[in-house]
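In what follows, a structure is listed as structure tokens, so that the remarks can point back to it.
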Amino acid sequence: DNVDRYAVMGNPIAHSKSPQIHRMFAEQTGQALRYDALLVPEDGFAEAVTNFLYRNDGKGLNVTVPFKQQAWELADRLSERAEPAGAVNTLMFRDGTLYGDNTDGAGLVRDLTRNHGVELKDKRILMLGAGGAARGVMLPLLEQQPASLHIANRTVLRARELVERFEEFGDLSASGFDAIHGNFDVIINATAAGLGGEVPPLPDNVIDKHTLCYDMMYSSEPTAFVRHCIEHNAAKALDGLGMLVEQAAESFRLWRGVMPDTLPVIEALRNS
Ligand code: NDP
């Protein structure tokens, strides 16, 4: 077949929802394209990208765990938001150049502000975690001009490194979980603790009835963090399904020049 080809590369990849999401986008916008999930061996990422782009005439790729950093290194050119993120989740092949972008932050901000009406300007934000996901969303979050952004991480040094990297863009601070002081308007969980059903050990007064909690993780059942926030009487607790669909939409827009309508896709995934 002659349709443009796209794919997501990761390891593992079997549970990825990206093919389903992009097929819904394609159908909705009347675009003819093919989108596959490709399992790539841990040491075979660069080769897999080259094969896909040259041999299969691929047009673009999504990249997920554990290859986002390698994708950043592999790209010939980086977007302004991907450069400081140190991670790339979207690759595009144009005029012989491999272009790398990161749409995770735009996806998070869009889900919060547009889908859930959460204003971030002048708000006090607490980010839990300092890994790839936290780093990837830092610049788009700070562009919303929050009053402050505190990063708490199990390994405090990594939180401090993030602060150093982004301190020119806002009022940033760092600590371990036990040394978080005060309360926050918005708390974003970007740790991988939820994969093991755990919640970062937060001091009791950090969540109050005004707090909006956002878990980057998602699952068919409420996540451990969402449950924890509801038990601590947070105003609202959201999971990361909306972010997943929004980052995909932003990739789709970059590749195809059309922004899909995300709400029906989020709705369809929520019900499936
Ligand atoms: P990384 O491995 O890069 O970072 C993991 C982070 O979690 C680190 O800050 C690590 O702390 C912390 N952590 C791990 N285990 C625990 C624990 N038991 N208790 C407390 N902290 C812990 O992973 P990523 O940043 O790539 O991914 C993080 C999460 O974000 C994943 O759950 C992923 O699914 C989700 N995500 C969701 C997206 C979406 O579209 N919804 C997009 C991208 C990511 P330390 O530094 O001390 O090791």
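The values are calculated or read from the model by the stated rules, or taken from the named source; none is laboratory data. Quantities reported herein were computed from a predicted structural model and do not represent experimental measurements. Note that each Cβ is placed from the backbone with ideal geometry, even for glycine, and that neighbours are counted across all protein chains shown.
Which of the helices (runs of 4 or more DSSP H) found entirely inside the stretch 206-272 contain at least 3 residues meeting this: among the β-branched types (Val, Ile, Thr), touching a Lys or Arg at 6+ places or on another chain (Cβ under 6 Å) and under 21 Å from ASP4 (Cβ atoms)?
Result: empty, no element qualifies.
Just to be sure I understand, how many residues within the stretch 84-114 are closer than 20 Å to ASN189 by Cβ, polar (S, T, N, Q) and buried (at least 23 other Cβ atoms within 10 Å of the Cβ)?
Here the count works out to 3.
For the stretch 245-272, how many residues are modelled with pLDDT of 95 or more, of a type in the set (Gly, Ala, Ser) and more than 16 Å from the ligand (Cβ to nearest atom)?
Residues flagged as modelled with pLDDT of 95 or more, of a type in the set (Gly, Ala, Ser) and more than 16 Å from the ligand (Cβ to nearest atom) within the stretch 245-272 amount to 2.
Do we find a residue being at pLDDT below 95, within 18 Å of MET216 (Cβ to Cβ) and within 10 Å of the ligand (Cβ to nearest atom) anywhere in the stretch 125-132?
Within the stretch 125-132, one or more residues are at pLDDT below 95, within 18 Å of MET216 (Cβ to Cβ) and within 10 Å of the ligand (Cβ to nearest atom).
Select, from GLY242, GLY197, GLY170, the only residue that is more than 14 Å from the ligand (Cβ to nearest atom) and among the small types (Gly, Ala, Ser). Spell out how you get there, then give the answer.
Numbers: GLY242 fails: more than 14 Å from the ligand (Cβ to nearest atom); GLY197 fails: more than 14 Å from the ligand (Cβ to nearest atom).
The match here is GLY170.
Filtering the stretch 166-175 down to residues that are free of Cβ contacts under 8 Å to residues at least 60 places away in the same chain and surrounded by 15 or more Cβ atoms within 10 Å (Cβ to Cβ), which residue is farthest from GLY136 (Cα to Cα)?
So the first thing to find is which residues in the stretch 166-175 are free of Cβ contacts under 8 Å to residues at least 60 places away in the same chain, and the list is 167-175.
Narrowing the set further to residues that are surrounded by 15 or more Cβ atoms within 10 Å (Cβ to Cβ) leaves 169-170, 172-175.
On the way: PHE169: 14, GLY170: 16, LEU172: 16, SER173: 17, ALA174: 17, SER175: 19 Å.
Restricting to residues being free of Cβ contacts under 8 Å to residues at least 60 places away in the same chain and surrounded by 15 or more Cβ atoms within 10 Å (Cβ to Cβ), the top hit is SER175.
With ALA130, ALA75 as the choices, which residue is assigned by TED's automatic domain parsing to the domain that holds LYS17 and not charged (D, E, K, R)?
Details: ALA130 fails: assigned by TED's automatic domain parsing to the domain that holds LYS17.
Going through ALA130, ALA75 in turn, the sole match is ALA75.
Given (1) surrounded by 13 or more Cβ atoms within 10 Å (Cβ to Cβ); (2) out of contact with any helix residue (DSSP H, G or I) (no Cβ under 7 Å at 6 or more places or on another chain), identify the lone condition not met by VAL3.
(1)
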